[in-house]
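Report on the structure given below.
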Amino acid sequence: MNPSGRQGGVRIAPSILSADFARLGEEVQAAEEAGGDWIHVDVMDGHFVPNLTLGPAITEAVCRSTSLPVDVHLMIESPERYVADFIRAGAHRITVHHEACTHLHRVLEQIRELGALPGVAVNPATPVELLRDVLPFVDLVLVMTVNPGFGGQAFIPTSPGRVARVQALLEELRPGESVAVQVDGGIDAATAGAVVSAGADVLVAGSAVYGHPQGVAEGVRAIRLSAEASMGNGGEEGV
Ligand code: DX5
Ligand code: ZN
């Protein structure tokens, strides 16, 4: 598996939230065949966010359907209660929300000790500077570009500036290291360029992939073209 990081170009993580759950295995395979890099699994508990989605059993089915890394985004309160179940299900990465964890450092260490790569997510209204003290302990920072809870929402335009501020913190605190900066929500061919230019290197996309009128392959391709154009020649690092 490639490590995270800008050196490898931009990664695309199709979110199965917008897939047809009656054909979940095929939908996951379609994302892999389309050139998706990770499969993104959105877990919602009806408390931290006003929606309910899926748990470890469906995550295990996703893991069985692909050879790609499975990237689990926990939008749940008290994630420490479920981390072991998702890792047992096969999750490669687990991202928890800053806003949902009283003992954030402890949860991040728990994820790593159990064998997955820990990530931390921030909602659009949370100052990214609050992440400073946990940045030494994460492999990924997820900058939410919508308020979490639903697919198909509009990209919040302050997001690229927030991504740039995360990159600046990483350059200060983790110079030369590969810490992924992920964005999630409202990412499509029109918005990908701005976040990639700001320093995002993992793009989550649900409706722009599974809802693309020409199908999943075209959805992934359109985002990749836009992202690569913003990085300079064919995906090489631009700035
Ligand atoms: C939102 C989820 C996203 C969602 C993105 O709370 O975390 O992963 O699937 O969906 P789109 O790409 O449609 O905004
Ligand atoms: Zn997500």
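Looking at G161, G199, G219, G151, which is the one that is in contact (Cβ under 8 Å) with a residue 60 or more places away in the chain, open to solvent by 10 Å² or more (accessible area, probe 1.4 Å) and in contact with a helix residue (DSSP H, G or I) (Cβ under 9 Å, 6 or more places away or on another chain)?
G151
Out of all the residues in segment 151-177, which are farther than 16 Å from S230 by Cβ and either at pLDDT below 95 or under 14 Å from the mean Cα position of the chain (by Cα) (or both)?
Answer for segment 151-177, where residues must be farther than 16 Å from S230 by Cβ and either at pLDDT below 95 or under 14 Å from the mean Cα position of the chain (by Cα) (or both): just G151.
Would you be able to tell me the number of residues in segment 11-20 that are over 30 Å from M231 (Cβ atoms) and within 13 Å of ligand 1 (Cβ to nearest atom)?
The number of residues fulfilling the criteria is 0.
Run T59 past the list (1) in a helix (DSSP H, G or I); (2) out of contact with any Phe, Trp or Tyr (no Cβ under 7 Å at 6 or more places or on another chain) and report the number of the one that doesn't hold.
Among (1) in a helix (DSSP H, G or I); (2) out of contact with any Phe, Trp or Tyr (no Cβ under 7 Å at 6 or more places or on another chain), T59 violates only (2).
Output the number of residues of segment 38-56 satisfying the condition of being open to solvent by less than 50 Å² (accessible area, probe 1.4 Å) and away from ligand 2 (no atom under 13 Å from the Cβ).
Residues flagged as open to solvent by less than 50 Å² (accessible area, probe 1.4 Å) and away from ligand 2 (no atom under 13 Å from the Cβ) within segment 38-56 amount to 4.
Determine, yes or no, whether L130 is open to solvent by 70 Å² or more (accessible area, probe 1.4 Å) and more than 16 Å from ligand 1 (Cβ to nearest atom).
On the way: open to solvent by 70 Å² or more (accessible area, probe 1.4 Å): yes; more than 16 Å from ligand 1 (Cβ to nearest atom): yes.
For L130, the condition - open to solvent by 70 Å² or more (accessible area, probe 1.4 Å) and more than 16 Å from ligand 1 (Cβ to nearest atom) - is met.
Anything in segment 59-114 that is of a type in the set (F, W, Y) and either more than 20 Å from Q182 (Cβ to Cβ) or open to solvent by 10 Å² or more (accessible area, probe 1.4 Å) (or both)? List them, or say none.
Within segment 59-114, just Y82 meets the criteria.
Considering every residue within segment 57-71, establish whether at least one is under 28 Å from P127 (Cα atoms) and not basic (K, R). I'd like the intermediate steps shown before the answer.
Looking only at segment 57-71, we keep the residues that are under 28 Å from P127 (Cα atoms), and these are 70-71.
Pick out the ones that are also not basic (K, R) and you get 70-71.
Checked segment 57-71: at least one residue is under 28 Å from P127 (Cα atoms) and not basic (K, R).
Go through R106, R88 for me and flag whichever is basic (K, R) and closer than 18 Å to D133 by Cβ.
R106
The values are calculated or read from the model by the stated rules, or taken from the named source; none is laboratory data. Model, not experiment: these values are computed from the prediction. Every residue, glycine as well, gets a Cβ built from its backbone with ideal geometry; the counts of neighbours run over all protein chains shown. Accessible surface is based on the protein model in full, side chains and every heavy atom, while ligands, DNA and RNA are left aside. Shrake-Rupley method; radii C 1.70, N 1.55, O 1.52, S 1.80 Å.
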